[in-house]
Amino acid sequence: MDDKVVLKNITDDSGPPRTKFANPEFTLTGELRAAVDPRRLDTLWINTGSLCNLTCENCYIESSPTNDRLTYITLQEVEGLLDEIEQEQLGTSEIGFTGGEPFLNPDMLPILQQCLNRGFQVLVLTNGMNTLLREREKIEVLAKEFGAALKLRISLDHYEEATHALERGKRSWKPAIKSLRWMSEAGISYAVAGRTMWDEDEASMREGFGRLFAEEGIDLNADDPEQLILFPEMDGSLDVPEITTSCWTILDTNPADMMCASSRMVVKHKGDTQLSVQACTLLPYDQRFNMGSTLKESWRSVKLNHPHCAKFCVLGGGSCSA
């Protein structure tokens, strides 16, 4: 197959978006769809529940104070997952938590304690609101005992309050800044996640966050991509190219670098009696990416037949871990 033709296919945004990504085996143009084979389960993501204390403008999981499509996961269920990791010798080193807002889950602190006790690195994605601040003392105890094994990542979409508020609302800024100052002063391991949706290049975004961190006494290096993570926007309405098997070579991209090669996300869909293991953190509801009810069952090839696979992972270079 001529590489120039394939390259045109993957960069051309024309074509009816309703028929793209429909066939797991072939693209709209009839080419073989790319897939990712699992390597090792480095990171297990656990969705703590879709309820959130904010209703953000472009939340990919549609979290809100009323969205309970993903119910709270329990301490007992998490313990079962950790047991399976050990029994199946999956080699997992990191447990990541996302929501919704994880600290709304009533079992969140015991869950963190259990994961840390078992020797995992733990990453928690949080909006830094008062639900987090109410747990300061308990988190400080965990951080003192386990050090950098516990890391919190605060969502701060932009370095200017007014722009950040366009996404998360006016009441979200001050608590997030307060949380960042607290973690900086307490010596807790933490990071910030921003978004590249503001028509600014990465250099100017990092410069702006650097000024903010300096002004607020937040001890983070804005030039370090592990301390300030800038995510591409995930707009499901945009027409994006499909990824063919030839794209790995054309784009000089290794499928082993995709999130689904080294991670899975566990959710509990409302009304279900068992957990579901989704291929990706970005696709909590799509049953095409429901890989089964156990980690072992989920450990199989993932077809890249969703726009997020192309825009966020393959073309955007996105990864939820850092």
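Things to note:
Here's the yes/no breakdown for (1) in a loop (DSSP other than H, G, I, E, B); (2) touching a helix residue (DSSP H, G or I) at 6+ places or on another chain (Cβ under 8 Å); (3) buried (at least 21 other Cβ atoms within 10 Å of the Cβ):
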position	(1), (2), (3)
ASP272	yes, no, no
THR281	yes, yes, yes
PRO284	yes, no, yes
ARG288	no, no, no
GLY292	yes, yes, no
LYS296	no, yes, no
ARG300	yes, no, no
HIS308	no, no, yes
PHE312	no, no, yes
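- Region 3-50, subset of a type in the set (Ser, Thr, Tyr) and in a loop (DSSP other than H, G, I, E, B), residue modelled with the lowest pLDDT: SER14
- Close pairs from region 119-141: first among the basic types (Lys, Arg), partner part of a helix (DSSP H, G or I), Cβ under 6 Å, at least 6 apart: LYS138/LEU109
- Listing of helices (runs of 4 or more DSSP H) fully contained in region 160-217 that carry 2 or more residues being out of contact with any Asp or Glu (no Cβ under 6 Å at 6 or more places or on another chain), within 28 Å of VAL122 (Cα to Cα) and in contact (Cβ under 8 Å) with a residue 24 or more places away in the chain: 173-186, 202-216
- Remark: pairs (first residue in region 270-295, more than 14 Å from ILE61 (Cα to Cα); second residue buried (at least 21 other Cβ atoms within 10 Å of the Cβ) and among the basic types (Lys, Arg); Cβ separation under 9 Å; 6+ apart in sequence or on different chains) = GLN274/LYS268; LEU275/LYS268; SER276/LYS268; VAL277/ARG264; ALA279/ARG264; MET291/ARG264; LEU295/ARG264.
- Here LEU41 meets each of (1) buried (at least 19 other Cβ atoms within 10 Å of the Cβ); (2) more than 18 Å from the chain's Cα centre (by Cα); (3) within 27 Å of ILE243 (Cα to Cα); (4) of a type outside the set (Phe, Trp, Tyr) with one exception, condition (2).
The values are calculated or read from the model by the stated rules, or taken from the named source; none is laboratory data. Just so you know, these numbers come straight off a predicted model, no measurement behind them. Quick reminder, even Gly has a Cβ in these numbers, built from the backbone with ideal geometry, and neighbours come from all protein chains shown.
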